[in-house]
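The values are calculated or read from the model by the stated rules, or taken from the named source; none is laboratory data. What you see is a predicted model, and the numbers here were worked out from it, not measured in a lab. Glycine gets a Cβ as well: all are built from the backbone with ideal geometry, and neighbour counts include every protein chain shown. These accessible areas exclude ligands, DNA and RNA; they are computed on the full protein's heavy atoms, side chains included. Shrake-Rupley method; radii C 1.70, N 1.55, O 1.52, S 1.80 Å.
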Protein chains: 2
Amino acid sequence: MTDADTLCVNTLRMLSVDQVERAKSGHPGMPLGAAPMAYVLWDRFLKHDPADPAWPDRDRFILSAGHGSALLYALLHLYGYDLPLEELKRFRQWGSRTPGHPEYGHVPGVEATTGPLGQGFAMGVGMAIAEAHLAALYNRPGHRVVDHFTYAIVSDGDLMEGASHEAASLAGTLGLGKLVYLYDANRISIEGPTDLAFTEDVGRRFEAYGWQVLRVEDGNDLPAIESAIGAARNERRRPSLVIVQSHIGFGSPKQDSAASHGEPLGAEAARATKRALGWPEDASFHVPGEVSAHCRESVRTGARSREAWRVAMEAYRAAFPAPSAKLETRLAGKLPDGWEAALPTFRPDQGAQATRSASGAVLNALSAAIPALMGGSADLAPSTKTLLKGSPDFSSSHPEGRNLRFGVRELAMGAAVNGMALHGGILPYGATFLVFCDFARPALRLAALMGTRAVFVFTHDSIGVGEDGPTHQPVEHLLSLRAIPGLRVLRPADANETAQAWRMALREPGPTVLALTRQNLPVFDTDAVPVFSGFQRGGYVLCEAEGGAPQVVLVGTGSEVHTALAARGILGRQGICARVVSVPCVEIFLAQSEAYRREVLPPSAPCLVVEAGVTRGWREVVGDRGCVIGVDRFGASAPGEEVFRHLGITAEAIAERAASLLAAKK
Amino acid sequence: MTDADTLCVNTLRMLSVDQVERAKSGHPGMPLGAAPMAYVLWDRFLKHDPADPAWPDRDRFILSAGHGSALLYALLHLYGYDLPLEELKRFRQWGSRTPGHPEYGHVPGVEATTGPLGQGFAMGVGMAIAEAHLAALYNRPGHRVVDHFTYAIVSDGDLMEGASHEAASLAGTLGLGKLVYLYDANRISIEGPTDLAFTEDVGRRFEAYGWQVLRVEDGNDLPAIESAIGAARNERRRPSLVIVQSHIGFGSPKQDSAASHGEPLGAEAARATKRALGWPEDASFHVPGEVSAHCRESVRTGARSREAWRVAMEAYRAAFPAPSAKLETRLAGKLPDGWEAALPTFRPDQGAQATRSASGAVLNALSAAIPALMGGSADLAPSTKTLLKGSPDFSSSHPEGRNLRFGVRELAMGAAVNGMALHGGILPYGATFLVFCDFARPALRLAALMGTRAVFVFTHDSIGVGEDGPTHQPVEHLLSLRAIPGLRVLRPADANETAQAWRMALREPGPTVLALTRQNLPVFDTDAVPVFSGFQRGGYVLCEAEGGAPQVVLVGTGSEVHTALAARGILGRQGICARVVSVPCVEIFLAQSEAYRREVLPPSAPCLVVEAGVTRGWREVVGDRGCVIGVDRFGASAPGEEVFRHLGITAEAIAERAASLLAAKK
């Protein structure tokens, strides 16, 4: 530990304090306590180059304790990222690159959006999976072109959240040796000392998960931190947790108190802190020249690492042209040319099949064409049909395996899927029953916020689940997922729409939810039904009214499209011309031109929507004159068809309502 | 272990197998493996009386592994609950009392709805909190009228879920010694051996949480199970986990295989199982006479326990009339007479205040009048304002404390709150930021499904959160909560509406969400504004159009009511008469008579809704001619007022849109 080290650590501390003071908002306590561990990690170990924040083989660093954002911004600034002091001075202000919590895609060098605790922890696990997998697939003897660590700083709060348990247990099972987490153990959370709610023996708990646990008794002891991180890096069979006993608000009058956690120290205490740490007390956003010089040196080291990697890649490319081309396509986030040719088309004479089964067929048909496809289920693979045939399970002995066994851990699955997508080189998917997406919801929200290209396969998408009953039957889930901005929710009506749904999920940016049936559905004839063009528009005329202009339009999604088709038959026999429209994605449909929407849903004909979920939110489609048939209650345990019948989702009920709509119009 | 014991265990097994076979659906594996531990618990320890399933001092038993419902129904049948064999024969059929997963309120003797894994575990923790608290408050020397255990059978899947970590860590901290969980460690989950995803050392993990961990190596060893449960009961300072190594599908050809988990054995394998266990292979739903006789004896023991308690209560009532009256009121789920008089009325001259602050004031004003009020926050008490002043924190040294410190564990909090409500005697609440209700969502769904009287206090309810940014700013949450059937979502617009919201939450059955502001809001004058009557109807005219019939109606919720009021002023200056309507609960408003709704929202005037959340779902209120101003994107980090301004939630924007609506009408 040199004077320069101390100066650097205190610069990180004071830049953090100054950001929070200037903004009159933020969390000074965590940066004051955690600056030493962050500094040692960034200065001595982290392989990165601010000139190319997206350099594929950089180490990943996640500040899972995202409320300590000021510390991360201070690090990014000092270590040469495109984050000038002016941005630090605009901490938490409109349009700044220094938002209240780190935002991926918004701030250069931020690897993941954090703030909701526990998820940064779990996203890192996904990143480490991605690294291990790509390394296993593409490295060759003498050519280790994928070889980096995933680091995080995690807090008491992270470790209280269930996500940390799920992800840590999974990481232990998978033996992710290149995962190195620093636990900022400051024993203080918002309500006060962690003893109030959190007396567990964290080290013992992580040992139970199969982690290596290392301890640093004094969070200001830089050599001890350095030695522990070194030991963590040397353990390649197990993930490592370095427990660093730190002091929240270190050096401030509010040290070791919850008062330093989530609000500015205040001018007086900020000055006192500077005094205590030997800082010029009137300086603000002060970066001593020695600190700049020291950090510039570290930046040069990073640049050399990247250059070495570039050279290594050239050698690799020359020696192994085929795998290197594949790897580079993957790392660029591109899909291999011609992959869409692998998408199957289903024929009606293949017989009815559940959209979950069609999804399984599509996934397996695509798996050879798109090696980046990788994922798994939260212990429901046989039901969600998400197993890639012929591939082993991803594990420490088979890191090349593409099937992930997430266990009954939906939230960690969602976050790990995000982490894999953020890492790059992987097109990840995660699967469970639609009703259990509730467990993963915080990760779905972050997927949408970050725009990760991730696919969430949610099967058993309605009361059609049947016997398992209301705990397993989603009713509010389609609406509640559609409510998340930027989350693409697709509910295909047959096997061919399912293929199109996968196509859209993989082609377009951002996350996608596929809502798929448990029960079998007939397959549309793609010669007769414009599935390919129609699906892209979110809604389309699936089946025109027989014998003239439609008197009524029946709109369905997923399995209820078939109920609507049957209702059309009944109405036809009553001399009523009904059109059937499939709306696999209501948001995309509503975003079409008004002309198109009026073409599909002519204002002259009343519109009736049927979807086996809550009716709220469909009024935008049907208007005042239309009506919605849905399920505004919880389901019930009985064979699926009976539940549909008892809850009024039948062709007869639709036909009756359609006829009465028409009568009312006259 | 006697012949009768073996016969009873096998009866439980075969009744389970027969239910699943008859239904052609269900989970036979768990009951075959776990029947011995369930039998020992029910036969030797469980204090209950089928003649009064709601007897307050009964032991609680939760089948957290709810997919093993057939086993629970077999237990309930054998031990004399109102669940005849005919109901077992109607397993998983419409209208039966034997749904696919145990449903509270639907099946006598079922203490909690289970199926979504991990939550039964966490609800039990809430029950144990309730027991310890009531015992501390009301027991007297020589009068232990509250004195029971909370038991559960938990599975591998339960322990993988994050909820189990959160709840177990909390239970360890709280030293809940009367919590006894049996872990059915059968090493098989749906995808196969648990080694695929779950290699942690569960015992070591629970020791790290501060639990006593006991082990039974052979799940068929009844004396070993009995001895372990005995040891668990004897440890009163720590919760206990009894790890029972069992065999899924025991005795069947599919033993120790995932194939026995989630589908019927099939006729052939069912016969083979019966043969293997010495059962008449052609018998179905067979209960040997010795078994009936044995269980009847156990029922008599239960009846004697209840009678002893009744006698004890009489003595207690005579010796301690005041506390016994209080306890009985609480156990009956009644509120003390006159509690509503304690509800504060706020005056405008008290100054603007955030609805979270008003909520804190209401809660504290009610706490003396309603001793059953008890709850806490997920490490956000200073922000959610949910601390009861003058009460200690609930802990093993202060079990009489009414403030719970849940830690950063929203899901366990939600489930524990449900568990406290299910236990009875407690009116529980749990608090966090609205955006983090996502973590608790699976528990909110179960609250609605079970109809627990629980209050969820969700503050920081919009982009008004400001600097913390989009990770902390809810936008989709109001809609996604309203989507849950049976969940009452209230968004009061000022301190007085907040008091009414609490009043409704405590008076009415079922769970309530209170969405409350971070930022200050003016207080309505209750002499001028019909808050009391209006709130009950979900929506009401808050401020009539000045100078005649309204030309336009501005509808707001929560903080946006004030934005609408300001817009009304602007419009007034332009000569446009605008009425302002507050809609604290859109579902209650939509359930009012059409006449009332037309009175509030006259069809003659276009309607404009403003709410700082996604706009979807408001079309039901505004109709085709109206419009909705909301936030159909994620928020951003900046001071709250700036975020409102940049995202168009301002009085000026509302006035402009209202004027253009009017112009379009003309």
A careful count of residues in the stretch B:595-645 that are in contact with a Phe, Trp or Tyr (Cβ under 8 Å, 6 or more places away or on another chain), more than 23 Å from B:GLN473 (Cβ to Cβ) and open to solvent by less than 10 Å² (accessible area, probe 1.4 Å) gives 1
A:THR615 passes all but one of the listed conditions (1) over 30 Å from B:PRO102 (Cα atoms); (2) under 36 Å from the mean Cα position of the chain (by Cα); the exception is number (1)
Hey, B:ALA443 hits all of (1) assigned to a helix (DSSP H, G or I); (2) over 30 Å from A:GLY451 (Cβ atoms); (3) of a type in the set (A, V, I, L, M, F, W, C) but one; which does it fall short on? (2)
Scan (1) modelled with pLDDT of 95 or more; (2) not polar (S, T, N, Q); (3) not in a helix (DSSP H, G or I) for the single condition A:ALA545 breaks and write down its number. (1)
Quick test of your reading of the structure: A:PHE532 fulfils all but one of (1) touching a helix residue (DSSP H, G or I) at 6+ places or on another chain (Cβ under 6 Å); (2) more than 13 Å from chain B (Cβ to nearest Cβ). Name the failing condition by number. (1)
Which count do you get for residues in the stretch A:465-495 that are within 25 Å of B:GLY26 (Cβ to Cβ) and more than 7 Å from every other protein chain (Cβ to nearest Cβ)? 5
So B:THR345 passes all but one of these: (1) surrounded by fewer than 17 Cβ atoms within 10 Å (Cβ to Cβ); (2) over 26 Å from the mean Cα position of the chain (by Cα); (3) assigned to a helix (DSSP H, G or I). Which condition number does it fail? (3)
Scan the stretch B:128-143 and tell me whether some residue there is in a loop (DSSP other than H, G, I, E, B), within 21 Å of the chain's Cα centre (by Cα) and within 14 Å of chain A (Cβ to nearest Cβ). no
Can you find even one residue in the stretch A:422-443 that is at pLDDT 95 or above, of a type in the set (Lys, Arg) and touching a strand residue (DSSP E or B) at 6+ places or on another chain (Cβ under 9 Å)? no
Criterion: open to solvent by less than 10 Å² (accessible area, probe 1.4 Å), part of a loop (DSSP other than H, G, I, E, B) and within 24 Å of A:LEU335 (Cβ to Cβ) - qualifying residue of A:LEU363, A:LEU388: A:LEU388
Report yes if some residue within the stretch B:454-464 is at the interface with chain A (Cβ under 9 Å from one of its Cβ atoms), surrounded by 24 or more Cβ atoms within 10 Å (Cβ to Cβ) and farther than 18 Å from B:THR355 by Cβ; otherwise report no. no
Subset of the stretch B:89-108 (residues that are crowded, with 24+ Cβ neighbours inside 10 Å and away from chain A (no Cβ under 14 Å)): none
Being within 14 Å of chain A (Cβ to nearest Cβ), touching a strand residue (DSSP E or B) at 6+ places or on another chain (Cβ under 7 Å) and either assigned to a strand (DSSP E or B) or not hydroxyl-bearing (Ser, Thr, Tyr) (or both) narrows B:VAL614, B:VAL621, B:VAL581 down to just B:VAL621
Is the stretch A:408-431 home to any residue that is within 14 Å of another protein chain (Cβ to nearest Cβ), in a loop (DSSP other than H, G, I, E, B) and not aliphatic (A, V, I, L, M)? yes
Anything in the stretch A:262-276 that is on the phi < 0 side of the Ramachandran plot and either surrounded by fewer than 23 Cβ atoms within 10 Å (Cβ to Cβ) or of a type in the set (A, V, I, L, M) (or both)? List them, or say none. A:GLY262, A:GLU263, A:PRO264, A:LEU265, A:ALA267, A:GLU268, A:ALA269, A:ALA270, A:ARG271, A:ALA272, A:ARG275, A:ALA276
Residue match in the stretch A:11-34 (condition: buried (at least 24 other Cβ atoms within 10 Å of the Cβ) and in contact with a strand residue (DSSP E or B) (Cβ under 6 Å, 6 or more places away or on another chain)): yes
Among the residues of the stretch B:200-218, is any touching a Ser or Thr at 6+ places or on another chain (Cβ under 8 Å), farther than 19 Å from B:HIS27 by Cα and charged (D, E, K, R)? yes
